[in-house]
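Down below is the structure, laid out as structure tokens.
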Amino acid sequence: MINSLVILRFIFSFCKENNNWHNDSQLANGRNRFWKELLEHYKLIKMETINKKIATKLNKLIAVNMDSKMIYENAAKKVRDLSLTQALLHLANERESFIELLKMQVVNLGELPIINGTSFIELRLLRMDLKSILLPDNMKAIVKECITSETLALKEYKEILNEDFIAESIEFILDNQLHGIESTLNNIRILEYGLQYQ
């Protein structure tokens, strides 16, 4: 909601600057200018509020992508198959490119991008480490954690894309990233299916 105190300050400031109107014509012109400037001021405040809201949503996506990147990097250290290690590192790099692009959008909106993942990432990495130590077939546990990571990311992207205040340029970026995540999730599920028969 637009801060009414800011609007009141604008009104008082305008009246103070224009308190020397002497006739009806000046008064009418002053009134017209007042409403025009008030409307412009309101639009500016509203745009700043919307930009802040969008930036907050984008920062949430940055955090989710940071989580995914850490999950993939952690998974790459635990698998023995070289081609799978390379595939996981490629996914980590892809998430890094998502993060950088999202950070640029946040800065363009006049806000600061976050620098950390979600508050749950340390717990998820610990769970992944424990499973890889305790379970004889740690590959399945690693794949499950990757699926969880992508499913969470997918949910966040769909949620923000349902908002009606997202600019088309940002929507285009998010849509491309969403398709990349969907494709990754499908590939990981195929891998999970194959592991069931090993």
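The values are calculated or read from the model by the stated rules, or taken from the named source; none is laboratory data. Because the structure is predicted, anything quoted here is derived from the model rather than measured. Don't worry about glycine lacking a Cβ; one is built from the backbone with ideal geometry, like all the others, and counts go over all protein chains shown.
Can you pull out the residues in segment 29-77 that are surrounded by fewer than 20 Cβ atoms within 10 Å (Cβ to Cβ), modelled with pLDDT of 65 or more and touching a Phe, Trp or Tyr at 6+ places or on another chain (Cβ under 6 Å)?
The one that is surrounded by fewer than 20 Cβ atoms within 10 Å (Cβ to Cβ), modelled with pLDDT of 65 or more and touching a Phe, Trp or Tyr at 6+ places or on another chain (Cβ under 6 Å): 50.
Report whether or not residue 185 is closer than 16 Å to residue 66 by Cα, modelled with pLDDT of 90 or more and either aliphatic (A, V, I, L, M) or within 14 Å of the chain's Cα centre (by Cα) (or both).
When the stated conditions are applied, residue 185 does not pass them.
Name the pairs: first residue in segment 152-177 and within 21 Å of residue 68 (Cβ to Cβ), second residue aromatic (Phe, Trp, Tyr), Cβ to Cβ under 7 Å, at least 6 apart or on different chains?
174/157; 177/98; 177/157
Kindly indicate whether residue 123 is assigned to a helix (DSSP H, G or I) and either buried (at least 17 other Cβ atoms within 10 Å of the Cβ) or at pLDDT 75 or above (or both).
No, not satisfied.
Give the number of residues within segment 153-172 that are buried (at least 17 other Cβ atoms within 10 Å of the Cβ), modelled with pLDDT of 90 or more and either among the aliphatic types (A, V, I, L, M) or in a loop (DSSP other than H, G, I, E, B) (or both).
3
So which residues in segment 147-177 are under 13 Å from residue 94 (Cβ atoms) and either in contact with a strand residue (DSSP E or B) (Cβ under 7 Å, 6 or more places away or on another chain) or of a type outside the set (D, E, K, R) (or both)?
149, 153, 176, 177
Quick one: count up the residues across segment 82-111 that are touching a helix residue (DSSP H, G or I) at 6+ places or on another chain (Cβ under 7 Å) and either assigned to a helix (DSSP H, G or I) or loosely packed, with under 14 Cβ neighbours inside 10 Å (or both).
Here the count works out to 16.
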